[in-house]
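Comments concern the structure below.
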There are 2 protein chains.
Amino acid sequence: MTLPQTDRTKLKRLPKRGHFDRETVYAILDEGFICHVGFAPEGQPFVIPTGYARVDDKLYIHGSQASRMLKTLSGGVDACVTVTIIDGLVLARSAFHHSMNYRSVVIFGRATLVDDREEKIAALVALSEHIIRGRWADVREPTEQEMRATTVLSMPIVEASAKIRTGPPLDDEEDYALPMWAGVIPLKLEAGEPINDPRLPEGIGIPEYARRYKR
Amino acid sequence: MTLPQTDRTKLKRLPKRGHFDRETVYAILDEGFICHVGFAPEGQPFVIPTGYARVDDKLYIHGSQASRMLKTLSGGVDACVTVTIIDGLVLARSAFHHSMNYRSVVIFGRATLVDDREEKIAALVALSEHIIRGRWADVREPTEQEMRATTVLSMPIVEASAKIRTGPPLDDEEDYALPMWAGVIPLKLEAGEPINDPRLPEGIGIPEYARRYKR
């Protein structure tokens, strides 16, 4: 299914890097887990990083009920949510053609407060499971007070697009003869060995989902 | 040296996570290499990822002279530049206290076009060297035409702050007795084995700065 191209999502430059099918947009959203949320109350832009999860055609973010960002967004202001995955450095023969391989998604729209209790719980589970699958079943679930202290917002994935660069450098034809190395250095977010909480009681092992964490 | 706290940079919540000394802010800027630039022409926010470099108390970004973002920013609009480094997932005993370890910097201000030729070249070198040190000496330098096709903007690092979370989860006291694992899963951007450009002539080895790339 294809997302509509609008003035805001249409790529003015390098249009072949643009993708408007939901499958591509969702695959990037499902691999990333940090978004940068932009909003501009009274014209002053703010860009704030936060976790997120996608459920169907909605993106959820959450945080403290006291969060300035969530309060502003729930007032129904225009927002822009961007997710960026860096896949590699692209080393060309010329300085000019250096680039990066990346996959990014930009979503425009307005967020709304999730106050339906079932949707709110489902969103919190999705947020947790999206960041680390298997964790929710292990943890103490939120109390009523914690639920009240948590704000969940949903943003419709309607006006959205992906931008992707892959592959080797693209040099000017005459530069291919130059005697320097060119290629790609792949980059990936990797998990290290889990670190026990210093107050962990003895005899509690590291669960599989933490030991084999991958994105 | 300490940056001034303003209405825009002051942390309303968790103020102990805030840092206003240049040393801390610069260390984060120097470790990261992707920023998310927010701007809001006519009130509509856009958040766009791009590379950057810091030189002294300026942040440089660059791109095509045709870039919509760079054109808008060089018009002198309010911008917000955010750099985020994710250091780990913080797994608490309660869903509520799950968190992430991260270091982020937010800079507010207006960018200006760099048209002084020496500063522009120095910024391009800095952008290249910040992303991969040692590369500039190997590559074909920009031609006059490429210089004209490239826009460089500088943003003063004056109104800026860092936000940092480190360490183990912080659970409610009564939850520490719960029999589940808690701790931190460290995350780090790692470089893989460099991939030769398919058109690389035989006999050109991978340079050290690519083979041992680290951030």
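Taken together, the values in this text are just the output of simple stated rules run on the coordinates, not laboratory data. Bear in mind the structure is a predicted one, so any value in this text is a computation, not a measurement. No Cβ is skipped: glycine too gets one built from the backbone with ideal geometry, and neighbour counts run over all protein chains shown.
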Within the under-12-Å Cβ sphere about residue A:2, not counting residue A:2, Lys/Arg +1 and Asp/Glu -1 give a net charge of -1
Let a ≥ b ≥ c be the square roots of the eigenvalues of the Cα gyration tensor of chain B; is it rounded (a/c under 1.5), or, if not, prolate (a/b larger than b/c) or oblate? oblate
Here FRET efficiency (C-beta to C-beta, residue B:112 to residue B:145, R₀ 30 Å, nearest 0.05) is 0.80
Inter-chain Cβ neighbour average for residues B:60-73, partner chain, 10 Å: 1
Relative contact order [Cα under 8 Å, 6+ residues apart], chain A, whole percent: 26 percent
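What is the dipole size for segment B:20-169, taken about its Cα centre, with +1 at each Lys and Arg Cβ and -1 at each Asp and Glu Cβ, in debye to the nearest 20?
520 debye
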Let me confirm one metric for peptide B:129-135, namely the mean number of other chain beta-carbon atoms within 10 Å of its residues' beta-carbons. 2
Report, in degrees rounded to the nearest 10, the 0 to 90 angle that the Cα long axis of helix A:117-131 makes with the longest principal axis of chain A. 50 degrees
Which distance in nm do the two modelled labels at residue B:190 and residue B:214 give, with both placed 7 Å along the Cα-to-Cβ direction? 1.3 nm
Hey, got the average number of other protein chain Cβ atoms within 10 angstrom for residues in A:192-204? 6
Run the Debye formula on the Cα coordinates of segment A:137-215, all scatterers equal and no solvent, and tell me log10 I(q)/I(0) at q = 0.20 1/Å. -1.11
Per-residue [θ]222 nm for the protein assembly as shown (sum of -39500 (n - 2.57) over DSSP H runs n ≥ 4, rounded to 500): -5500 deg cm²/dmol
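In cubic angstrom, how much convex hull volume per residue do the alpha carbon atoms of segment B:104-168 span?
Enclosed volume per residue, from the Cα hull, is 118 Å³.
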Between 0 and 90°, nearest 10: helix A:22-31 axis offset from chain A longest Cα axis: 70 degrees
Burial ranking of peptide ranges A:191-200, B:52-61, B:199-208, A:169-178 (average Cβ count within 10 Å, highest at the top): B:52-61, A:191-200, A:169-178, B:199-208
Segment A:154-215 and segment A:37-73: distance between their alpha carbon centers, rounded to Å: 24 Å
Once the Cα atoms of the protein assembly as shown are picked out, what are the Rg and Dmax in Å? 22.0, 69
Return the lysines within reach of residue A:10: Cα separation strictly under 16 angstrom, same-chain partners fewer than 8 residues apart disregarded; answer none if there are no such residues. A:163
Point-to-point label distance, residue B:7-residue B:56, nm (Cα→Cβ direction, 7 Å offset): 3.1 nm
Would you look at the GNM of chain B, springs on alpha carbons closer than 10 Å, and say which of B:143, B:151, B:166 moves the most? B:143
Segment A:87-117 versus segment A:20-34: alpha-carbon centroid distance in Å: 10 Å
Square roots of five times the Cα gyration tensor eigenvalues for segment A:1-97, Å: 27, 17, 16
